[in-house]
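So the structure is just underneath, and the comments pick up after that.
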Amino acid sequence: MTVNRRSSLTRTVVGTLAVGMMAAVGAVATAPTAQAQTAPSGQIAKLAPSVSKTFTLPKGVTTFTAGSGAVSTTLVRDAKQAQLNITCTLHVFNPYVWADKAHGSASVNCTSPMTQIRVIAGVYQDGALTTNTEYSYGSSWASSVAWRWYIPALYQSGAVSTLWFPTGHTPPTANLPFIRSAAIWL
């Protein structure tokens, strides 16, 4: 029986990254297998949006439920807050090499300032996960970059985010669930 090493590594990368990232926010997740992409050894990957997840609170809605898989939340807003249309998008970028380091980066953009935004970005490389957490206060934007010393290997980025809404929302927080980039040989 012949084992496809790259396919096995991709499944391992995705599973470990998903579990590691969700554990960082106190949840457990199982992620589907990503498709691997290859690049010649030493080639630097371009920073490009790999995947995004959007959370939208439509204007005029006082009760809103959103979720992904087994994770969901119901948000209740007062009449004044219901006049706001709030959209927040979590972007995860393909891993890239810069200054002898492999980076995994993510950002969150919202259409209205949040009380607080937390972004946990991660980069996974051959059995090792590195995460970085960044916070933004009173802003509509936040980003985070995790890095590892570069060696030629299979890399993947991933992220989760927590939003703290302005006064008048119940509950006051919501999670943007874990998403990941493609697995890329750098």
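The values are calculated or read from the model by the stated rules, or taken from the named source; none is laboratory data. These figures come from a predicted structure and were not determined experimentally. In this analysis, Cβ positions are derived from the backbone assuming ideal geometry, glycine residues included, and neighbour counts consider all displayed protein chains.
Which of the residues spanning region 125-134 are outside any strand (DSSP E or B) and either without any contact (Cβ under 8 Å) to a residue 60 or more places away in the chain or of a type in the set (A, V, I, L, M) (or both)?
Listed by number, the list is empty, since nothing qualifies.
Give just the number: which of (1) crowded, with 20+ Cβ neighbours inside 10 Å; (2) at pLDDT 95 or above; (3) under 22 Å from LEU57 (Cβ atoms) does ALA174 not satisfy?
Of everything listed in (1) crowded, with 20+ Cβ neighbours inside 10 Å; (2) at pLDDT 95 or above; (3) under 22 Å from LEU57 (Cβ atoms), ALA174 misses just condition (2).
Does at least one position in region 132-141 carry a residue that is within 28 Å of LEU57 (Cβ to Cβ), charged (D, E, K, R) and at pLDDT 95 or above?
yes
From the residues in region 134-149 that are aromatic (Phe, Trp, Tyr) and surrounded by fewer than 18 Cβ atoms within 10 Å (Cβ to Cβ), which one is farthest from VAL76 (Cα to Cα)?
Here the residue is TRP149.
State yes or no: is SER50 under 16 Å from the mean Cα position of the chain (by Cα) and either part of a loop (DSSP other than H, G, I, E, B) or at pLDDT 95 or above (or both)?
no
Would you pick out the residues in region 142-166 that are free of Cβ contacts under 8 Å to residues at least 60 places away in the same chain and not in a strand (DSSP E or B)?
TYR150, ILE151, ALA153
Residues being within 16 Å of the chain's Cα centre (by Cα) and under 30 Å from GLY168 (Cβ atoms): count how many of those fall in region 93-149.
The number of residues fulfilling the criteria is 18.
Scan region 101-114 and tell me whether some residue there is surrounded by fewer than 16 Cβ atoms within 10 Å (Cβ to Cβ), under 17 Å from LEU57 (Cα atoms) and among the β-branched types (Val, Ile, Thr).
yes
Given the condition under 21 Å from SER52 (Cα atoms), assigned to a loop (DSSP other than H, G, I, E, B) and among the hydrophobic types (A, V, I, L, M, F, W, C), answer yes or no: does some residue in region 167-181 qualify?
No, region 167-181 has no match at all.
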